[in-house]
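Heads up, the thing below is written out as structure tokens.
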Amino acid sequence: MKPSKFKNQKQEKPGIESEMTPKPEYISKKYKASGKLKNKIAVITGGDSGIGRSIAVHYAHEGADIAIIYLSENKDAKETKKLVEAQNRKCLLLKGDITDEKFCKKCIDDVLKEYGHMNIIINNAGTHFNADTPTEVTTENLKKTFETNIYPLFYFVKAALPHLKKGDTIINTSSVTANRGSDHLLDYSSTKGAISTFTKSLATMLAKKGIRVNGVAPGPIWTPLIVSSFDDLEKFGKDTPMGRAGQPSEVGPAYVFLASQDSSYITGQMIHVNGGEIVGS
Ligand code: NAD
Ligand code: MG
């Protein structure tokens, strides 16, 4: 069997943003905030780094207080907290494993204790393990991928829903691989397909309550997840129509739009932030 062109078929720790070169950009210097999320409370899984950090920082600029949930990356989480606090907003750090339903419920309880309510749930944490053939997808990695990427959406929504009201929003991070497939992420792309369908179904269920559910499907974005997974980083993102990978700073604003009043007639939809690849819904 030819060796995998990718790194992490085995279980590895998540990548660390503070160790990346070059550092990802989490917000553009050109970004202009306008109080779109003033005094909202946002819960962001995987908010320590990458796309999650970008969401946290944009939301803080827009006037929201934040709770971020992360697996183990204390240094990255503290840095995100610092960036949020620099905007005079609060940032609650919740460390633990979202594959554990009890932990997810406790996170929601802790957010209520700290802030008294919540308005925006961002299901963004995720993991993947590369494999070039179906037989290389180990049962261990298959289970871990589904348990991390899709089960917690049910756990968080079940725990948070009694506390959400009209005008509140849920936003899920999918992936371009949900739409076009992947030749090295069979299990991961399957979970992302599930996330996209979960988004549509939940949107339909909650529309009458006035709670909107949408998603963002990123293409190749320069984050710790990528650096911890791929060997050939030079080529990363080069096959998009724009010919480059995106920065987290180019993804965060889509989450601002979907959480704010500006998207009040949009539910069950995906925004494709992918450098121009044309995909279906
Ligand atoms: P990232 O490594 O910065 O973020 C992923 C986060 O998930 C980590 O910070 C980690 O703390 C958290 N996490 C993983 N397993 C967890 C667990 N069991 N319990 C608690 N937290 C856990 O990388 P990222 O690229 O910003 O990833 C964010 C999301 O974006 C993921 O869902 C990923 O699939 C998705 N995505 C990324 C890209 C890309 O190219 N970077 C493309 C499409 C989709
Ligand atoms: Mg991280």
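Whether a residue is under 20 Å from GLY15 (Cα atoms), crowded, with 21+ Cβ neighbours inside 10 Å and polar (S, T, N, Q) was assessed, and THR223 passes this test. Select from region 26-55 the residues that are part of a helix (DSSP H, G or I) and farther than 20 Å from GLN261 by Cβ and write down the one among them that is farthest from ligand 2 (Cβ to nearest atom). Within region 26-55, the match that is farthest from ligand 2 (Cβ to nearest atom) is SER54. Residues of region 64-114 that are assigned to a loop (DSSP other than H, G, I, E, B), surrounded by fewer than 20 Cβ atoms within 10 Å (Cβ to Cβ) and in contact (Cβ under 8 Å) with a residue 40 or more places away in the chain: LEU71, SER72, THR99.
Scanning region 255-279 for residues that are assigned to a loop (DSSP other than H, G, I, E, B), of a type outside the set (Gly, Ala, Ser) and buried (at least 20 other Cβ atoms within 10 Å of the Cβ) turns up THR267, ASN274. In region 9-48, the residue that is nearest to ligand 1 (Cβ to nearest atom) out of those that are buried (at least 20 other Cβ atoms within 10 Å of the Cβ) and small (Gly, Ala, Ser) is GLY46. Residue pairs whose Cβ atoms lie under 6 Å apart, separated by 6 or more positions or on different chains, with the first residue in region 211-224 and under 18 Å from LYS238 (Cα atoms) and more than 16 Å from ligand 2 (Cβ to nearest atom) and the second assigned to a loop (DSSP other than H, G, I, E, B) and aromatic (Phe, Trp, Tyr), are PRO220/PHE236. Once region 179-210 is narrowed to residues that are small (Gly, Ala, Ser) and free of Cβ contacts under 8 Å to residues at least 60 places away in the same chain, the residue that is farthest from SER264 (Cα to Cα) is SER182.
For region 115-142, the set of residues classified as farther than 22 Å from GLU73 by Cα and either assigned to a helix (DSSP H, G or I) or within 18 Å of the chain's Cα centre (by Cα) (or both) consists of TYR115, MET118, ASN119, ILE120, PRO134, THR135, GLU136, THR139, GLU140, LEU142, listed by residue number.
Give GLN87, GLN11 a once-over and let me know the one that is more than 11 Å from ligand 2 (Cβ to nearest atom), modelled with pLDDT under 95 and polar (S, T, N, Q). That would be GLN11, the only listed residue that is more than 11 Å from ligand 2 (Cβ to nearest atom), modelled with pLDDT under 95 and polar (S, T, N, Q).
The values are calculated or read from the model by the stated rules, or taken from the named source; none is laboratory data. All figures in this text were calculated on a predicted structure; none of them were measured in a lab. In this analysis, Cβ positions are derived from the backbone assuming ideal geometry, glycine residues included, and neighbour counts consider all displayed protein chains.
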